[in-house]
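The block underneath contains the structure these notes are about, expressed in structure tokens.
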Amino acid sequence: MNKPLRRIAIFCGVLILALLVRTNYLQYVRADELNSRDENRRVRIERYAHERGNIIVDGNPVTGSVETKGSDFKYKRVWKNGPMWAPVTGYSSQAFDASQLENLEDGILTGNDDQLFFDRTLSMFTGEKKQGGNVVTTLNGAAQKAAFKGLGSKKGAVAALDPQTGAILALVSTPSYDPSVFAGNSDKDSKARKKLLDDKDKPMLNRALRETYPPGSTFKVVTAAAALENGLYKGIDDKTNSPLPWRLPLTTGDLANEGNIPCENASLREALRWSCNTVFGKISDDLGNQKMIDEANKFGFNKEIFTPVRADASVYPKDNRPQNAMAGIGQASNRATPLQMAMVASAVANDGKLMQPYMVAERQSPSLDAIYTHEKEQFSQPLSGENAQKLQQMMETVVENGTGKNAQIPGVTVGGKTGTAQHGLNNSENPYAWFISYAKTDSGSPVAVAVVVEDSQANRDDISGGGLAAPIAQAVMKAVIDSKK
Amino acid sequence: MSVVTNTTTIGAIDAPSRRNTELMMMVFAIAISVFAYANVGLAIDGKLPSGMFGYGAGLILLGGVAHLVVRKFAPYADPLLLPLATLLNGLGLVLIWRLDQSQRLIQRAESQYGAYSPDAPKQLLYSAIGVAFFVAVLVILKDHRILQRYTYISMAVALVLLVLPMFFPAVNGAKIWISLGPFTIQPGEFAKILIAVFFSGYLMVKRDALALASRRFMGMYLPRGRDLGPIITIWALSILILVFETDLGTSLLFFGLFVVMLYVATERTSWIVFGLLMSAVGAVGVASFEPHVQSRVNAWLDPFAKATWAQSEQLAQSLMAFGSGGTLGTGLGQGHSDLILFAANADFILATVGEELGLAGMMAVLLIYGLIVERGVRTALAARDPFGKLLAIGLSGAFAIQIFVVAGGVMGLIPLSGMTMPFLAYGGSSVLANWALIAILIRISDTARRPAPAPAPSPDAEMTQVVRP
């Protein structure tokens, strides 16, 4: 019986060998693939297994971590003043993943980023607890607070930039949400999130970066820049060739102004001061669609902007003549994000140089060493320094004795532009109130800001932009200037 | 030139008993288990587990008793079998205890049954009963050939054991349990040994008839019906019962056992061909009408399929546990193999080995199982009687097939079929039956390796003895 016994022995050996080969295949060859599967909960467990690093504003964290019980996720994310900071931080939920900075900087915040390899190895030897690194933002707490308070219960958004560097100083969207309410993974969290998603006011929408609005009259700043850059008009006080009424090309209708304002052959300065649709519509038409697109693109239109959080592309459209004329006054298919309009104001304020907007100033290792520091970077030069200064004078006139008086700050030079964008078919819905502005001190311009308020009431003239949005912009600019003192 | 010192012509040179080797390895096996226990405690709580001395003392007591009994009642037994079984049992206890600490499993138990009770203490109790079984077999069964007398009784008892679960409610879709008060017994594990005893007894008697008194047909030998009849009936019955109880792993095990033993008994390769043919027919037949089998096969083909995720999640989780372990593993107590939830410490305990001990640990554990099988086959080779040979190869073959089916199942090599890893997995029946199995193998190996008794002194011997000054 020994011969078959030996064969059975070989058979058993083959069985064991097959298992050995299989375990090698699974644990060596396929390990990476299995570890990166979406179904693999270990990835999320690991993400929340250690105290997450913080997002820092003005040297203080706006985030934190608390230990949770009764779950395989050890730590839960919490936010200080969540609704105010949510448009900056995004959320990081045990059950629903993460967004914005919490998502983009996850590697640093969890401490798993390759840049932290050295730190990780070091702490492995010193036996220190694993910790995430910090993300230091460019935001200005006072400005953010002023903007958030200014918008209050209104629906809208604020974006503020430092024109000289491109640093984002404020980024507010209302109504907002508190990411803390669904940071865990319980039923309560799911319900809270569902409620937010079902809310018709869309509190989780980041209006400052992800919503495009018709920019309305604030876009006249871009049109004016195009006129100066293309040499259509040289002096800002020279009379322009603009009849009143002015017929919209290829149509049978006249382009109307809001109210009875002196727009006939008005100079650029006066036209901006009174917000003349006829003057800027005609400029856009005189320059033509392509030149308008070129100038808008230099300001950042038609391109997604990464701050590193993505901002939707603003659109200056390729269009026919009447539509192009309408787009020149910020209507028709012209759409812009609040960030985009803040960039327009900041380019003018910074003597024509547009800086790349950014909100991460520094990434820190868990031991607080800087492993990345942002270097300011020029985005483009939409207009020459000389023309920028001309445009500044025009915008300052708007605030001094035009539609933007509400943005005045005593002892500070402020330039701005109001806007009321028509909204809905035949202007049926409530218009958007806009205001873009910048402040100037002896050492250049520390802040440019764009404000949009969605639910402005009935008042359909430019005063509503000045009335609703300008005070918010003023408060934000004042907060920045005060915090620099 | 060397001086021949042993010039006597009578008596054999004593085979070394190797009992001290066994003792050394027992110490090693218990030390590894205790260190593993300490490791889990340090990893989970950051301190040595409070039960460590109790656990260590328990293992030493069990291992010590088993070793002393072997020393006394089976002095020439194979020295490896007992330490290997002890090591696996000890590691199994550690892994079960480690899974007891899992919040995820505790929560699941509380939400499902309203209460949670740790499994490790129960397993320690089962291990003690298992070792008692081991001791009883060695003490009572002085010679394995006695089992021959119980050929047909074994068959009857095995059939009763296999039929009984039909009268008890199904647990998780399989009717393989008998509940007696607080205890549940999985009779298939015991039936495995009884069927092996029956096959050995029957085949030993009938093997010549099966091998020789047959008609040649297409180059193969077909035995007469009256020789093959009983054994085929028993085999078919057990398979049928198991199919109806949807205990597929055990059916496969019995089938493999049947083919292996028939082949060894008759030495005819045609049996292998027969066996493969029958298994192919059986597998296709069962798979075509059994939805349970079909879902298992589908889950095996694509464990990550979205549509059947509910059925295949466990397997997918198990594969991810293996993947997460990688080469060196996460370390005991530091993995997440408890994501498998149901049966994490029973059918799927190997996933915990894979995740926390890694590829290195998996290979070590598989090799330990391989060594047990190898010692069993070696025992069969060494056995002097056909019954012992058949029984030893039957038991070790069954052991090997069980390991292949379970490990292959949780690693996605073959469709999952639900059996437990011997010694490692949680489960009373499994521990008890496998300790009994090891005891029988030890008994056979003792008989096989025992030196031949000294012949009766011959009066002539005196005269030819060399007289030394």
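Which ordering of B:R19, A:R269 is given by a fewest-first count of other beta-carbon atoms within 10 Å?
B:R19, A:R269
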Problem set entry | Reach of B:K72 by Cα under 30 Å, taken over lysines that are not fewer than 8 positions away in the same chain | B:K122, B:K142, B:K192, B:K389
Exercise. Using alpha-carbon pairs under 8 Å, 6+ residues apart, how would you state the relative contact order of chain B in percent?
Worked result: 23
Exercise. Residue by residue through the stretch B:346-357, which ³J(HN,Hα) values in whole Hz follow from phi under the Karplus form 6.51 cos²θ - 1.76 cosθ + 1.60 (θ = phi - 60°), with glycine and proline marked x?
Worked result: 10, 4, 9, 4, 5, 5, 5, 4, x, 6, 8, 9
Problem set entry | Where a label projected 7 Å from the Cα of B:T184 along Cα→Cβ would reach, residues of the stretch B:410-427 with amide N under 19 Å | B:417-427
Seminar exercise, completed: By the rule of no other cysteine beta carbon under 4.7 Å, the lone cysteines of chain A are A:C12
Exercise. Can you list the aspartates and glutamates whose alpha carbon sits under 15 Å from that of A:K202, skipping same-chain ones fewer than 8 residues off?
Worked result: A:D178, A:E211, A:E454, A:D455
For this session: Which order do the peptides A:60-68, B:341-349 take when ranked by the mean count of other beta-carbon atoms within 10 Å per residue, highest first?
Result: B:341-349, A:60-68
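Residues of B:334-344, mean number of Cβ from any other protein chain within 10 Å of their own Cβ, rounded to a whole number?
That works out to 1 on average.
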Seminar exercise, completed: Shielding of B:319-331 by other chains, given as the mean Cβ count within 10 Å, works out to 5
Exercise. What is the order of A:T251, B:T447, B:T250, fewest Cβ neighbours within 10 Å to most?
Worked result: A:T251, B:T447, B:T250
For this session: Would you mind telling me the antiparallel percentage of the DSSP bridges in chain B, rounded to 5?
Result: 100
Problem set entry | Reachable lysines, given that their alpha-carbon falls under 25 Å from the alpha-carbon of A:K129 and they are not under 8 places away in the same chain | A:K69, A:K74, A:K76, A:K80, B:K47
Exercise. FRET efficiency for A:V66 and B:A128, Cβ-Cβ distance as r, R0 = 30 Å, nearest 0.05?
Worked result: 0.10
For this session: Give me A:K69, A:K417 ranked fewest to most by other Cβ atoms within 10 Å of their Cβ, as a rough exposure proxy.
Result: A:K69, A:K417
For this session: Measure off 7 Å from each Cα along the Cα-to-Cβ vector at A:R321 and A:D237, then give the distance between these two points in nanometres to one decimal.
Result: 3.5
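Where the only charges are on Cβ atoms (+1 Lys, Arg; -1 Asp, Glu), what is the dipole of the protein assembly as shown about its Cα centre, to the nearest 20 debye?
3020
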Problem set entry | the stretch A:171-223 and the stretch A:54-77: distance between their alpha carbon centers, rounded to Å | 22
Problem set entry | Shielding of B:266-273 by partner chains, average beta-carbon count, 10 Å | 2
For this session: Would you mind checking which residues have amide H under 5 Å from A:A98's amide H? H placed 1.01 Å from N; only 5 or more apart, or other chain.
Result: A:S93
For this session: May I ask for log10 I(q)/I(0) of the stretch A:142-275 at q = 0.09 Å⁻¹, from a Debye sum over the Cα atoms as equal point scatterers with solvent left out?
Result: -0.49
Problem set entry | Amide H within-cut-off set for B:A346, under 5 Å, with H built and near neighbours excluded | B:Y426
For this session: Take the alpha carbon atoms of the stretch B:1-157, find their radius of gyration, then divide it by 2.2 N^0.38 Å using N residues; give the quotient.
Result: 1.43
Problem set entry | Cα centroid of the stretch A:272-340 to Cα centroid of the stretch B:74-95, whole Å | 81
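Coordinate-derived values only; no laboratory data. On a predicted model such as this, the values are computed, not experimentally measured, just so you know. Quick reminder, even Gly has a Cβ in these numbers, built from the backbone with ideal geometry, and neighbours come from all protein chains shown.
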